[in-house]
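The values are calculated or read from the model by the stated rules, or taken from the named source; none is laboratory data. This is a predicted model, so every value here is computed, not measured. Note: areas computed on protein heavy atoms with side chains; ligands, DNA, RNA excluded. Shrake-Rupley method; radii C 1.70, N 1.55, O 1.52, S 1.80 Å.
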Amino acid sequence: MDVKRVKDYLYWLYYQYQLVTCSYVLEPWEQSMFHTITVTVVAMVVYTAYVFVPIHVRLALQFFSQIFGAQPEGTV
């Protein structure tokens with residue numbers, strides 16, 4: 001892959017991000033605050049999903065396996 005194309009694509013993605021969030025109209029210090037808050041929120045969502053989604057999926061699988069008549073793991 002061409003490095004220039006990757007650089008242009010990343011610049012295009014950042015431009016789209018600025019258009020969608022309307023952050024291009026902010027002052028530079030406001031942009032940095034906005035980007036910091038946005039990155040922090042996204043990081044917290046990713047961390048929470050990484051920690052808690054597997055637990056909920058496991059509990060849902062146990063619940064539905066009990067509903068459909070599978071034996072509990074402790075009695076096997």
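Can you tell me the accessible area per residue over the chain, all protein chains present, probe 1.4 angstrom, in square angstrom? Let's see the in-between values first.
Numbers: 7000 Å² over 76 residues.
For the chain, the solvent-accessible area averages 92 Å² per residue.
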ask   = If you line up the long axis of helix 28-67 against the longest principal axis of the chain, both from Cα atoms, how many degrees apart are they, to the nearest 10?
value = 10
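Only helical DSSP H runs with n ≥ 4 go in: add -39500 (n - 2.57) per run for the chain, normalise by residue count and round the 222 nm mean residue ellipticity to 500 deg cm²/dmol.
It comes out at -28000 deg cm²/dmol, rounded to the nearest 500.
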remark   = With a 1.4 angstrom probe the carbon and sulfur portion of accessible area for the chain, in percent, totals 72
key: Size-normalised alpha-carbon gyration radius of the stretch 1-67, reference 2.2 N^0.38 Å   = 1.77
task = Return one number: the angle in degrees, 0 to 90 and rounded to the nearest 10, between the long axis of the Cα atoms of helix 3-21 and the longest principal axis of the Cα atoms of the chain.
result = 80
